[in-house]
Amino acid sequence: MDVDALLTSVAPGVVYLLVGLVIGLESMGIPLPGEVILVSSALLASRNALDVSPVWVAVAASTGAIVGDSLGYLAGRRWGVRMFDVLGRRFPRHAGPDQLAYAEHLFTRYGALAVFFGRFVALLRIFAGPLAGCLRMPYRRFLAANAIGGIFWACGTTAAIYSMGTVAEQWLKRSSWAALVVAVVVAVAVSSVLRRRIERAVEHYAAERETEGISSQEVPPDGPRGELVP
């Protein structure tokens, strides 16, 4: 297979659309590999043979993050716990009761900072919008933290990966596609390590709750402040 020819055939518009769509859906609460898509697209932009713009990759990612989180916020505010029940049944590994309890713990403790820094953490990237809406965080406050976090994450990640890809292509001019493959593998590996760390944090928090006699399965309807767990 001629990988260079395959990559060259990718239309830039398709890349931008895919970036915005995947990141937007992830931000709405659907577990998708938004970070992997962003890293891969930034690497495509670093290829001289392609017409993919890193600026438009960053714009698409930022737009997807902000719009997706806002839609997730509205959905969480409208459907509350019912939305998380559906997500938990559909994606038990990513959006189960333990993950939800831990995410709410971080939101309760850090507020808008959880929205901002949550853009850089896979678990919170999924829950940020819906949780903020369900917990009745003021939308203006949420939008400010969401927009700033989304832009920082999208532009910072794109710039860093684009720079790395440009350097890698200079090193591997004869088989520059190999740099793309290696970088994507590294990105997936790093993402897996971070995900595992989050999983351990979730397990630890679930154990603490069990010790305190609080079951993550006991999720009451929204209270006066929109609590998801006791």
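The values are calculated or read from the model by the stated rules, or taken from the named source; none is laboratory data. Please read these numbers as outputs of a predicted model, since none were measured by experiment. Quick reminder, even Gly has a Cβ in these numbers, built from the backbone with ideal geometry, and neighbours come from all protein chains shown.
Things to note:
- Some residue of region 37-49 being outside any helix (DSSP H, G or I), modelled with pLDDT under 90, of a type in the set (Ser, Thr, Tyr) and closer than 24 Å to Val185 by Cα: yes
- Test result for Ala114, out of contact with any Cys (no Cβ under 7 Å at 6 or more places or on another chain), farther than 25 Å from Ser46 by Cα and at pLDDT below 80: no
- So Ala5, is it modelled with pLDDT under 75 and either over 30 Å from His204 (Cα atoms) or surrounded by fewer than 18 Cβ atoms within 10 Å (Cβ to Cβ) (or both): yes
- Failed criterion for Pro31 (all others in (1) in a helix (DSSP H, G or I); (2) in contact with a Phe, Trp or Tyr (Cβ under 8 Å, 6 or more places away or on another chain); (3) modelled with pLDDT of 75 or more hold): (1)
- Where a residue in region 38-67 is farther than 16 Å from Gly165 by Cα and its partner, wherever it lies, is aromatic (Phe, Trp, Tyr) and assigned to a helix (DSSP H, G or I), with Cβ under 6 Å and at least six apart: Trp56/Tyr16; Ala60/Tyr16
- The single residue among Phe107, Phe84, Phe117 that is in contact (Cβ under 8 Å) with a residue 12 or more places away in the chain, under 30 Å from Tyr16 (Cβ atoms), in contact with a Phe, Trp or Tyr (Cβ under 9 Å, 6 or more places away or on another chain) and assigned to a helix (DSSP H, G or I) turns out to be Phe117.
- Looking only at residues in region 46-81 that are surrounded by 21 or more Cβ atoms within 10 Å (Cβ to Cβ) and among the polar types (S, T, N, Q), the one that is nearest to Ala128 (Cα to Cα) is Ser70.
- Test: Arg78 is basic (Lys, Arg) and either touching a Ser or Thr at 6+ places or on another chain (Cβ under 8 Å) or touching a residue at least 40 places away in the same chain (Cβ under 8 Å) (or both): yes
- Phe84 vs. criteria buried (at least 23 other Cβ atoms within 10 Å of the Cβ) and aromatic (Phe, Trp, Tyr): yes
- Meets criteria (among the hydrophobic types (A, V, I, L, M, F, W, C), assigned to a helix (DSSP H, G or I) and at pLDDT 80 or above) for Ala101: no
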